[in-house]
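Engineer: Below: one structure in structure tokens.
What follows is calculated from the coordinates using simple rules that are stated; it is not laboratory data. Source: prediction; values computed, not measured. Using ideal geometry, Cβ is built from the backbone for each residue, glycine included, and neighbour counts are taken over all protein chains shown.
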Amino acid sequence: MSAPRLRSRADLRRQRRRGTHSCWDHLIAAPLWPKYGVNLGTLLRTCDAVGACLAVPRLPWVPEALAQGNTLRRPSCVHWVGRDVGAWLDGHRATGSMVVAVELTDESVRLADLPVARQRTVMLLGHEQSGVPPEGLDRADLAVEIPMVGTGHSLNVAVAGSLVLYRLAGLV
């Protein structure tokens, strides 16, 4: 058995998509109740990696958080959600989107059992402490949980969102 060979940047470029993806086509990460700006920046980078868009609330500190998180230094697929999150979600559901909440509920499916997104999917992420509020859970078609064996109740929002995005995108 031979040792693993690192791929060059040129090799990686050849294997990845040629250009930018079209927004709203397939997968949307929606951390609509954020607490920490650093999480938005991390999710923005993950969205680029999996070909997803990021939907964020219009809060005064969000643009700065996204600018700091945009380590690729090129335009990213970011869309703004107004104050009425419920109406925004209702609009996506009306056009056939599936809404998946990352939350611990009695009906949550385990991450390993989450199917790959086969239709436009909005992945909802909640607040770091209080989770996805009722206005989000009431509109979710499915909830997903990430099993844990440690003593914590949940993962950081950016980590949890990244894991679920990779699963929904069919990359793991």
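Engineer: Pick out which of D106, D138, D90 has the largest mean-square fluctuation in a Gaussian network model of the chain, springs linking Cα atoms closer than 10 Å.
Structural biologist: Maximum fluctuation in the GNM of the chain, among the listed residues, is at D106.
Engineer: Can you list which of the GluC sites (Glu not before Pro) found in the range 70-172 are DSSP loop residues with at most 11 other C-beta atoms within 10 Å?
Structural biologist: For GluC sites (Glu not before Pro) across the range 70-172 that sit outside H, G, I, E and B with at most 11 neighbouring Cβ atoms in 10 Å, the list reads E107.
Engineer: Right, next: Give me V85, V100 sorted ascending by neighbouring Cβ count inside 10 Å, so fewest comes first.
Structural biologist: With the fewest neighbours first, V85, V100 line up as V85, V100.
Engineer: For Cα pairs less than 8 Å apart in space and 6+ apart in sequence, what is the mean separation divided by the residue count of the chain, i.e. the relative contact order in percent?
Structural biologist: It rounds to 26 percent for the chain.
Engineer: Under 5 Å between amide hydrogens, which residues at least 5 positions from L142 or on another chain qualify, with H placed 1.01 Å from N in the peptide plane?
Structural biologist: Excluding prolines and chain starts, which carry no amide H, the hits are V99, A101.
Engineer: When T151, T95, T105 are ordered from fewest to most other Cβ atoms inside 10 Å of their Cβ, what list results?
Structural biologist: Ascending number of Cβ neighbours within 10 Å: T151, T95, T105.
Engineer: How far apart, in nm, are two points set 7 Å out from the Cα along the Cα-to-Cβ line at R83 and at R9?
Structural biologist: For R83 paired with R9, the spin-label model returns 4.6 nm.
Engineer: For the range 33-42, take each phi angle, set θ = phi - 60°, evaluate the Karplus expression 6.51 cos²θ - 1.76 cosθ + 1.60, and give the result in whole Hz per residue in order, putting x for glycine and proline.
Structural biologist: Once θ is set to phi - 60°, the couplings for the range 33-42 become 10, x, 10, 10, x, 4, 5, 5, x, 5 Hz.
Engineer: Give the percent of DSSP beta bridges with both residues in the chain that are antiparallel, rounded to the nearest 5.
Structural biologist: Bridges in the chain that DSSP calls antiparallel: roughly 5 percent.
Engineer: If you work out Rg and Dmax of the Cα atoms in Å from the coordinates, which of (i) 15.2, 46; (ii) 14.5, 44; (iii) 16.4, 57 do you get?
Structural biologist: Given (i) 15.2, 46; (ii) 14.5, 44; (iii) 16.4, 57, the structure-derived one carries the label (iii).
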